[in-house]
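Single-structure report; data block below.
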C-alpha cells in the first residue's frame, strides 16, 4: 500500500508498506494523515474514520481490484475524492478459474483429491459409478441439451461462456441485476445476444428472471457485483428451485450466496455440488467451517486473479490511476461516484 505526500508541485514522497501481507490498521492510521493519494487493496477498509484521519489533502484513492465494497463511496463523494479501480485486465484469469471450478465441482475432483491426500485411495472400492459426476456440455453423443445460467452477464461471464462453448452448450440464460428480481417469463434475446450465440456456436442466449435461471440451468455461475442489491441473491428459495444434478459456481463475491442455505442444499442433495472462489465472511474461514466438511464443495481462497501476468497488470493500472488522478488527468478506469 503506497501513500503519496506532496513535498512540492513537482515531487511526491512515497510511504510504502513493503511486506507481503495485509497492512495493519495502526500503520495506515499513522501514515495516511495529510496524504494526497492512496493505493489500496481489498484488505484495506476506506471508511469515514480513516478519511477523517487522512484529512483534507486526500484527493485520490486507487484500489488494485475490480470490486470496491471495501470503500465507502458515499464518504469519498462528499469529500470530492476520486476512486480508481482495475477492471478488464483480470477478465481472462477469472474466467479460467471459473471453468476450473465448474469442472472440479461437476467431476467430484475435490472429494477425489481429499481421498488421495488422506491416503484412502487403497481402500476406495471400485465400482462403475464411484466418484462419477455429471458431465458439462452435450454428452457422449453430442446431443444432450445443456443449459448454462449466469447471474450477471458482463465481460467475465462472456469470457467464461466462450471457454465453455466447445463443450457443447445448447442454451445460455442470464439474469442481470436489473432483471434478476423480475417476473418468471423469459425476456427477448437482444441483437448482441444473438450475435454472441452465433459467434460461439451456442444454440441461444437470452435474459431471464432469476427463478427461471435456477429452474432451467445445469450449471449456474455467479458473476454479479457485490452490494445491497445482490446480497444473498442465491438463497434457500433459489437453491430449492435448482435441479438436483445442477452445479453452482461463485467467483464474484461471497455475499451473493447465502452460505447457510448452500450448506443445507448440499447436505440434503438438492443440488449436485458447488465450486467457490469466494465465501461469505472470508478470509475468516476456519478448518471447521461447514462448507469445508462437505465433499462436494470445492473451496479456493479467492485466487481468481492470481496469475503473475494479471497481478502485474492490475498493479500497473492501479499506479497509473493514482498518478493520473493526482495530476488531474483522466484515469483509465474511474468509478463515477
Note to self: I want to confirm something. Restricting to the stretch 303-332 and keeping residues that are under 19 Å from residue 156 (Cα atoms) and buried (at least 18 other Cβ atoms within 10 Å of the Cβ), which single residue is nearest to the chain's Cα centre (by Cα)?
What the structure shows: 304
Notebook entry, point to check: Which of the residues that make up the stretch 18-33 are exposed (fewer than 11 other Cβ atoms within 10 Å of the Cβ) and either within 25 Å of the chain's Cα centre (by Cα) or at pLDDT 90 or above (or both)?
Noted result: 20, 21, 26
Next item on the list: Considering each residue of the stretch 303-336, count those that are at positive phi and modelled with pLDDT of 95 or more, and give that number.
Entry: 0
Check: in a helix (DSSP H, G or I), in contact with a helix residue (DSSP H, G or I) (Cβ under 6 Å, 6 or more places away or on another chain) and under 18 Å from residue 210 (Cα atoms) - does that describe any residue in the stretch 249-258?
Finding: yes
Notebook entry, point to check: What strands (runs of 3 or more DSSP E) lie completely within the stretch 117-208 and have 3 or more residues being at pLDDT 95 or above, within 27 Å of residue 238 (Cα to Cα) and assigned by TED's automatic domain parsing to the domain that holds residue 230?
Noted result: 147-151, 171-175
Notebook entry, point to check: Filter the stretch 296-314 for residues that are assigned to a loop (DSSP other than H, G, I, E, B) and in contact with a strand residue (DSSP E or B) (Cβ under 9 Å, 6 or more places away or on another chain); which is nearest to residue 101 (Cα to Cα)?
Noted result: 300
Notebook entry, point to check: Yes or no: residue 106 under 27 Å from the mean Cα position of the chain (by Cα), in contact (Cβ under 8 Å) with a residue 12 or more places away in the chain, in the same structural domain as residue 319 (by TED's automatic domain parsing) and over 19 Å from residue 328 (Cβ atoms)?
Noted result: no
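The values are calculated or read from the model by the stated rules, or taken from the named source; none is laboratory data. No experiment lies behind these values; they were computed from the predicted model shown. Cβ atoms come from the backbone with ideal geometry, glycine included; neighbour counts cover every protein chain shown.
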